[in-house]
Amino acid sequence: MALLQTVICLKNTRMPIREIKQYMDWIQEGDTTIERRLEMMTKHKQTVLDEISLMTDSLQGIDEKIKRYTNRIREERS
C-alpha cells in the first residue's frame, strides 16, 4: 500500500511516468540506489516548489482582476 501511495503522490505532483517507473525500478534494486532516489526526490521537490510559487503569483493576478471587476460593478450600480 505504501508503494501505491508513493506512486499516487508522485503522479499528483506531476512527475513524469517514466521517472516514476525509474524510481520504482530503483526501489526494487535495493539500498544501492538510495543516493539516486534521494537526488531524484530532491530535484522533484524543487520542481514542485517552483510550480507552487508560479501558481501563487498567478493566483494573485487573478485576485486583482476579481477585485477590479467587483469594484467596477459596485460603481456602476451606485
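Assorted remarks:
- Counted residues, the stretch 1-30 - those being among the acidic types (Asp, Glu) and either open to solvent by 90 Å² or more (accessible area, probe 1.4 Å) or in contact with a helix residue (DSSP H, G or I) (Cβ under 6 Å, 6 or more places away or on another chain) (or both): 1
- In this structure, GLU19 does not qualify as farther than 19 Å from ALA2 by Cα, among the charged types (D, E, K, R) and in a helix (DSSP H, G or I).
- Evaluated against (1) within 29 Å of ALA2 (Cα to Cα); (2) among the acidic types (Asp, Glu); (3) open to solvent by 70 Å² or more (accessible area, probe 1.4 Å), GLU51 falls short on exactly one condition, (3).
- Residues in the stretch 1-29 that are among the aliphatic types (A, V, I, L, M), more than 19 Å from MET55 (Cβ to Cβ) and touching a residue at least 24 places away in the same chain (Cβ under 8 Å): LEU3, ILE27.
The values are calculated or read from the model by the stated rules, or taken from the named source; none is laboratory data. None of the values given here were measured: they were computed from a predicted structure. We place every Cβ from the backbone using ideal geometry, glycine too, and count neighbours over all the protein chains shown. Just the protein is used for accessible areas: all its heavy atoms, side chains included, with ligands, DNA and RNA removed. Shrake-Rupley method; radii C 1.70, N 1.55, O 1.52, S 1.80 Å.
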